[in-house]
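**Q** Here it is, the structure, as structure tokens.
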Amino acid sequence: MECLHGDSRADAYLQQTPTSHDQSSSSKSQQQIARTNTHRYTEFEPSRDISTVANAPTASDIATRLDRAANPLAFAPPDINEADIQAVVDVLRSGWITTGSRVREFERLIADISGVTHAVAVNSGTAALHLGLEAIGLKPGDEVIVPTTTFTATAEVVRYFDARPVLVDVERDTLCLDPAAAEAAITERTRAIIPVHFAGHAADMDAVTALASQHGLAVVADAAHGFSGSYKGRPTGSLGDISALSFYATKTITTGEGGMLLTEDEQVADRARVMSLHGMSRDAWKRYSGSGTWRYDVIAPGYKYNLTDMAAALGISQLSRASAMLARRTAIARRYSEVLGHIPALETPTTRPEVLHSWHLYVIRLNPGRLALGRDEIVERIQKRGINLSVHFIPLHRFTYFRTMYGYEDGAFPVASAEFERCFSLPIYSAMSDDDVDDVIAIVTDVIKAARA
């Protein structure tokens, strides 16, 4: 989505209201209007399309939207309905609440949706990454290439093996791993590459897989943000030798806590399944069921990473709405970009033509030369007005551990360092109402307008 120039559409939010953010608190309270928490899995109604001046909200709507501090908008709550709740209750009443038939059904559904043969359910995306690296035989002293713009889990799992995460810079438009930077970082000790599908936008996987093939490296993709997205028509979870999904509470679908290892390699899947439950022999989870046996073997010192049937039941229920929830996120992202993209001080996210974005995050960037305030001050002002924001991510090379352990400095990561200083994330989740989205746009527009240089 391109960043357009000229902010007439965004100014429509502010020109229609006779009051300002500095009005008295009593005046503000008089202008509060009733709100609904309903949402629709649809595009925004044409009658509510505020991307043009003609269809902008009324003056009373605008005055209210300029401050919702009394009722702050959450950043990323889960979208849970009664069917989700009932699915979990059914498991609680079944007498079998840990790993069982619901988990196996969830695995089959995710494998089918993701276009892979094997899926292993675990209790987090971090666990899936860890098991993926264990399955490829990562050893102490090995190196794994990781983009510096990611959550700490991506590199943390490498350290579990006493191996080294080699941080590299990202591409400016997508904030995904830069294949050229990855190539420059390859040594004789390099064992794998972990591309991250940042915010839900797939990394340049053709370049990554070609590089890995050339150097005999494994590709263990961090697809924590990527479920429901695709790259050149292929589901994001099918990219690479191994992919790790996350179903954390903020993700496009959730199991509360949970993850999934995806692969075409049967040996990798079998190893991950065994290691996810103490290294016990296959199907040991059945030992307390009528179809199982108390006899099992332990073939390696494994981990306690299994997913419960309670979590899987929630995931299965969520899958029935996954397409609709993606459509809603996409509609919200489009709406943000249509209006905020007309403000020269802002840069909206880019989506490459070969990518279907899952919109786990909507990361907007500031053009500092057009503003008198920095990112931190702008974020603080927006949050004081009742819109909760976040920043994704603090580059790993800036954290104390990675700086002291490996001597990383900003100069080695010019793109990630520069982009971090000007980015922040707007709320985007499928349960957002049209009014919620309008509030975000109105308050961001007002704060940016006041901060212009």
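The values are calculated or read from the model by the stated rules, or taken from the named source; none is laboratory data. Predicted model, so just to flag it, every value in this text is computed and none were measured. Note: ideal-geometry Cβ built from the backbone for every residue, glycine included; neighbour counts use all protein chains shown.
**Q** Considering the range 152-166 alone, what residues qualify as being under 20 Å from the mean Cα position of the chain (by Cα) and not in a helix (DSSP H, G or I)? First the steps, then the outcome.
**A** Of all residues in the range 152-166, those under 20 Å from the mean Cα position of the chain (by Cα) come to 152-157.
THR152, the sole residue that qualifies.
**Q** Given the structure, is GLU338 over 22 Å from PHE413 (Cα atoms), loosely packed, with under 15 Cβ neighbours inside 10 Å, at pLDDT 95 or above and not assigned by TED's automatic domain parsing to the domain that holds THR150? Step through it out loud before you land on a result.
**A** Working: over 22 Å from PHE413 (Cα atoms): yes; loosely packed, with under 15 Cβ neighbours inside 10 Å: no; at pLDDT 95 or above: yes; not assigned by TED's automatic domain parsing to the domain that holds THR150: yes.
Answer is no for this residue.
**Q** Please go through the range 184-232 and pick out each residue that is charged (D, E, K, R) and buried (at least 17 other Cβ atoms within 10 Å of the Cβ).
**A** To start, the set of residues in the range 184-232 that are charged (D, E, K, R) comprises 188-189, 191, 204, 206, 222, 232.
Across the range 184-232, the qualifying residues are ARG191, ASP204, ASP222.
**Q** Also: Can you find a residue that is surrounded by fewer than 16 Cβ atoms within 10 Å (Cβ to Cβ), assigned to a helix (DSSP H, G or I), in contact with a helix residue (DSSP H, G or I) (Cβ under 9 Å, 6 or more places away or on another chain) and modelled with pLDDT of 95 or more anywhere in the range 66-85?
**A** yes
**Q** Still on this structure, please answer the following. Condition first: over 23 Å from GLU183 (Cβ atoms) and either in a strand (DSSP E or B) or out of contact with any helix residue (DSSP H, G or I) (no Cβ under 7 Å at 6 or more places or on another chain) (or both). Now tell me which residues in the range 216-233 satisfy that.
**A** Correct list: SER230, GLY233.
Let's see how each residue does on (1) of a type in the set (Phe, Trp, Tyr); (2) in contact with a Phe, Trp or Tyr (Cβ under 6 Å, 6 or more places away or on another chain); (3) in a loop (DSSP other than H, G, I, E, B); (4) without any contact (Cβ under 8 Å) to a residue 40 or more places away in the chain:
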{"site": "THR351", "(1), (2), (3), (4)": "no, no, yes, no"}
{"site": "ILE382", "(1), (2), (3), (4)": "no, no, no, no"}
{"site": "THR404", "(1), (2), (3), (4)": "no, no, no, yes"}
{"site": "TYR408", "(1), (2), (3), (4)": "yes, yes, yes, no"}
{"site": "SER417", "(1), (2), (3), (4)": "no, no, no, yes"}
{"site": "ASP439", "(1), (2), (3), (4)": "no, no, no, no"}
{"site": "ASP446", "(1), (2), (3), (4)": "no, no, no, no"}
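**Q** Looking at the range 184-204, can you tell me whether even one residue there is touching a helix residue (DSSP H, G or I) at 6+ places or on another chain (Cβ under 9 Å), part of a helix (DSSP H, G or I) and over 19 Å from ILE394 (Cα atoms)? I'd like the intermediate steps shown before the answer.
**A** Initial filter on the range 184-204 (touching a helix residue (DSSP H, G or I) at 6+ places or on another chain (Cβ under 9 Å)): 186, 190-197, 200, 202-204.
Imposing the further condition that a residue be part of a helix (DSSP H, G or I) reduces the set to 200.
From what's left, over 19 Å from ILE394 (Cα atoms): none.
So far as the range 184-204 goes, no, none of its residues is touching a helix residue (DSSP H, G or I) at 6+ places or on another chain (Cβ under 9 Å), part of a helix (DSSP H, G or I) and over 19 Å from ILE394 (Cα atoms).
**Q** Could I ask something else about it? From ARG271, ARG287, ARG295, which residue is over 30 Å from ARG452 (Cα atoms), in the same structural domain as ASP90 (by TED's automatic domain parsing), modelled with pLDDT under 95 and not in a loop (DSSP other than H, G, I, E, B)? Spell out the reasoning first.
**A** On the way: ARG271 fails: modelled with pLDDT under 95; ARG295 fails: not in a loop (DSSP other than H, G, I, E, B).
Selected residue: ARG287, the only one of ARG271, ARG287, ARG295 that is over 30 Å from ARG452 (Cα atoms), in the same structural domain as ASP90 (by TED's automatic domain parsing), modelled with pLDDT under 95 and not in a loop (DSSP other than H, G, I, E, B).
**Q** Exactly one of (1) over 30 Å from PRO427 (Cβ atoms); (2) not assigned by TED's automatic domain parsing to the domain that holds GLY233 is unmet by GLY95. Its number?
**A** The number of the failed condition is (2).
**Q** Oh, and also: Hey, does the range 310-318 have a residue that's farther than 30 Å from LEU277 by Cβ and touching a helix residue (DSSP H, G or I) at 6+ places or on another chain (Cβ under 6 Å)? Give the steps one after another, and end with the answer.
**A** Narrowing the range 310-318 to residues farther than 30 Å from LEU277 by Cβ: none.
Checked against the condition, which is being farther than 30 Å from LEU277 by Cβ and touching a helix residue (DSSP H, G or I) at 6+ places or on another chain (Cβ under 6 Å), the range 310-318 yields no hits at all.
Per-residue answers, yes or no, for (1) farther than 20 Å from ILE113 by Cβ; (2) of a type in the set (S, T, N, Q):
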residue: ILE242; (1), (2): no, no
residue: LYS251; (1), (2): no, no
residue: THR255; (1), (2): no, yes
residue: ARG273; (1), (2): no, no
residue: ILE299; (1), (2): yes, no
residue: TYR305; (1), (2): yes, no
residue: LEU326; (1), (2): no, no
residue: HIS357; (1), (2): no, no
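**Q** So, of the residues in the range 167-183 that are part of a helix (DSSP H, G or I) and not acidic (Asp, Glu), which turns out to be surrounded by the most Cβ atoms within 10 Å (Cβ to Cβ)?
**A** ALA182
**Q** Now for a separate question. Being among the aromatic types (Phe, Trp, Tyr) and buried (at least 22 other Cβ atoms within 10 Å of the Cβ) is the filter here; which residues of the range 421-452 pass it? Before you say what the answer is, go through the steps one by one.
**A** Here is the first cut: in the range 421-452, the ones among the aromatic types (Phe, Trp, Tyr) are 424, 429.
The one that is among the aromatic types (Phe, Trp, Tyr) and buried (at least 22 other Cβ atoms within 10 Å of the Cβ): TYR429.
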